[in-house]
Amino acid sequence: MKILHHPDRADIHLSSVLYALSDPIRLFILSELRQHQEKSCGDFDVPVAKSTFSHHTRTLREAGVVNVRSHGTQRLVSIRTEDLDFRFPGLLSAILDAYENSEEKQQMLQGLQQ
């Protein structure tokens with residue numbers, strides 16, 4: 001498998017993190033990861049094609065928001081909570097708390113049920 005680049009903690013920039021968190025699909029992915037700690041890419045139920053999901057995961061990884069590791073033939077995704085809290089204390093928690101209580105998440109969940 002291809003070796004994936006993850007930025008070092010010092011190379012995680014606020015503008016990249018905020019850009020990565022600006023998309024509803026990426027927020028939904030993080031919301032799922034917050035509940036499950038780590039998930040296989042194939043276990044996500046998102047209303048986009050696999051290639052689009054891969055793009056969103058890559059955007060999150062390259063911004064330093066998630067870690068993607070290989071385990072056999074699977075790719076497991078987890079949030080880099082410790083690194084993000086070190087660089088930007090409280091940012092991730094505040095954004096995800098707001099998202100959890102948003103109409104945007106409810107609309108996403110309704111779209112998945114249809």
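Overview of results
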| item | result |
| --- | --- |
| Surface/4 estimate of mean projected area, convex hull on alpha-carbon atoms of the chain, nm² | 7.0 nm² |
| Per-peptide average of other Cβ atoms within 10 Å, ordering 12-23, 45-56, 75-86 highest first | 75-86, 12-23, 45-56 |
| Euclidean distance of C-alpha centroids, the stretch 1-24 and the stretch 40-79, integer Å | 12 Å |
| Dipole in debye (nearest 20) - the stretch 36-91, about Cα centre, beta carbon charges: Lys, Arg +1; Asp, Glu -1 | 220 debye |
| About the Cα centre, charge dipole magnitude for the chain (Lys/Arg +1, Asp/Glu -1 at Cβ), debye | 440 debye |
| Among Gln106, Ala94, Asn67 - extreme Cα towards positive end, dipole of the chain, charges at beta-carbon | Asn67 |
| Per-residue HN-Hα couplings for the stretch 48-54 [Karplus 6.51, -1.76, 1.60; θ = phi - 60°; Hz; x = Gly/Pro] | 9, 5, 4, 5, 5, 4, 4 |
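Read the figures in this text as sums done on the coordinates, not as results from a lab. Owing to the predicted nature of the structure, the values given are computational and were not obtained by experimental measurement. All Cβ positions, glycine included, derive from the backbone under ideal geometry; neighbour counts span all protein chains shown.
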